[in-house]
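Structure first, commentary second.
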Amino acid sequence: MALPDRPFYVVLMGPPGAGKGTQSAILENEMGLKRVASGDLFRENLVKGTPMGVQAKSYMDRGELVPDDVTVGMIRERLTRSDCQKGAILDGFPRTLPQAYSLDRMLGMAGRRINIAISISVPDEVIMERMTGRRVCRAYGHVYHVIFNPSKDPQICDVDGSELYQRDDDKEDTVRNRLYVYYKQTAPLIGYYFAKGVLVEMDGNQPIEEVHGLLGQIMASQA
Ligand code: ADP
Ligand code: ADP
């Protein structure tokens with residue numbers, strides 16, 4: 001898939017379990033556009049034991065959002081690194097309207113903008129099934145599902161051989177709260193990006209390959 005000949009920013013939105021991480025990892029490989037995933041960045045900070053990681057954990061464990069100032073600061077720093085000079089695929093950021101405004105401001109100051117915001121929808125009952133079966137690898141966060149996308153060995157990552165584990169926040173009660181938080185705080189972004197003329201909505205309730213094919217068509221239409 002060809003990368004457009006200008007800085008290009010894609011926002012991937014959707015409830016937890018919509019497939020943002022799975023699809024953004026495939027797109028990153030295909031497009032050579034850096035994937036920036038706020039949840040992964042918080043988890044990396046936690047593993048390193050930084051104050052930000054410790055602060056974020058208390059929110060993540062409850063399925064709540066980390067405060068906007070912390071999150072925006074982290075993303076601002078990440079987007080200014082050299083591997084994001086051509087743009088980025090934003091997975092899980094922004095998740096609130098103030099985050100979206102901040103992102104517009106920081107890109108605008110560099111003469112850049114969000115080119116496309118893709119909202120992936122999946123019914124709630126499918127989300128519960130996906131989240132409780134999700135497994136991720138310790139080393140790089142590669143994502144699997146015990147039924148829908150299993151690794152060859154259920155304990156081990158196919159890509160890097162590290163251990164697979166279930167995230168603490170993928171337990172049923174926390175997932176329900178995360179869904180509630182999504183509808184309350186993140187879903188309003190759909191209207192925001194619609195009004196800006198960059199929204200594409202798509203049905204994520206189909207096999208991984210089919211969602212990927214649709215995303216490929218959407219990207220190609222923007223190039
Ligand atoms: P998922 O992949 O299921 O959508 P993430 O890995 O993106 O979940 O996020 C895990 C948790 O990290 C969230 O529940 C939230 O606590 C925190 N988080 C991630 N991104 C943001 C954000 N943009 N704003 C605030 N908190 C965030
Ligand atoms: P998100 O980043 O939006 O929270 P993930 O990409 O981590 O979502 O996917 C959540 C879970 O659902 C993972 O276990 C993943 O393997 C699985 N999954 C992702 N996309 C699909 C799909 N199209 N069909 C079935 N399962 C999927």
Please go through region 78-111 and give me each residue that is modelled with pLDDT under 95 and among the charged types (D, E, K, R), ordered by number.
Lys86
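Identify all residues within region 184-214 that are assigned to a helix (DSSP H, G or I) and in contact (Cβ under 8 Å) with a residue 40 or more places away in the chain; write none if there are none.
Gln185, Thr186, Pro188, Leu189, Ile190, Tyr192, Tyr193, Ile208, Val211, His212
Suppose we keep only residues that are over 15 Å from Ser121 (Cα atoms) and modelled with pLDDT of 95 or more within region 197-223. Which one would you say is surrounded by the most Cβ atoms within 10 Å (Cβ to Cβ)?
Only one residue tops the list, namely Val198.
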Gly53 vs (1) within 16 Å of ligand 2 (Cβ to nearest atom); (2) of a type outside the set (S, T, N, Q); (3) surrounded by 16 or more Cβ atoms within 10 Å (Cβ to Cβ); (4) over 23 Å from Gly108 (Cα atoms): all pass except (1)
Residues located in region 180-194, provided they are of a type in the set (A, V, I, L, M) and either under 19 Å from Arg112 (Cβ atoms) or touching a Leu at 6+ places or on another chain (Cβ under 8 Å) (or both)
Val181, Leu189, Ile190
Take the residues in region 158-215 that are more than 14 Å from ligand 1 (Cβ to nearest atom) and of a type in the set (D, E, K, R), then tell me which one is farthest from His145 (Cα to Cα).
Lys196
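Picking from Asp83, Asp40, which residue would you name as being of a type in the set (Asp, Glu), within 16 Å of ligand 2 (Cβ to nearest atom) and under 19 Å from Val10 (Cβ atoms)?
None of the others qualify; the one that does is Asp40.
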Which pairs turn up if I take residues in region 153-174 that are within 13 Å of ligand 2 (Cβ to nearest atom) and look for partners that are among the aliphatic types (A, V, I, L, M) and part of a helix (DSSP H, G or I) with beta carbon separation below 8 Å, at least 6 apart in sequence or on another chain?
Asp169/Met60; Asp169/Val175; Asp170/Met131
Scan region 41-54 and give yes if some residue there is among the hydrophobic types (A, V, I, L, M, F, W, C) and under 9 Å from the mean Cα position of the chain (by Cα), otherwise no.
no
Asp160 passes all but one of (1) more than 29 Å from Lys86 (Cβ to Cβ); (2) modelled with pLDDT of 95 or more; which number fails?
(1)
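What do you reckon, is Arg130 in a helix (DSSP H, G or I), within 14 Å of ligand 1 (Cβ to nearest atom) and either farther than 16 Å from Ala18 by Cα or in contact with a strand residue (DSSP E or B) (Cβ under 9 Å, 6 or more places away or on another chain) (or both)?
Yes; evaluated as a whole, the condition is true for this residue.
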Residue list for region 9-23, filter: of a type outside the set (Lys, Arg) and near ligand 1 (Cβ under 8 Å from one of its atoms)
Gly14, Pro15, Pro16, Gly17, Ala18, Gly21
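The values are calculated or read from the model by the stated rules, or taken from the named source; none is laboratory data. Since we're looking at a predicted model, the values are computed, not measured. Please note: Cβ atoms are built from the backbone with ideal geometry, for glycine as well, and neighbour counts cover all protein chains shown.
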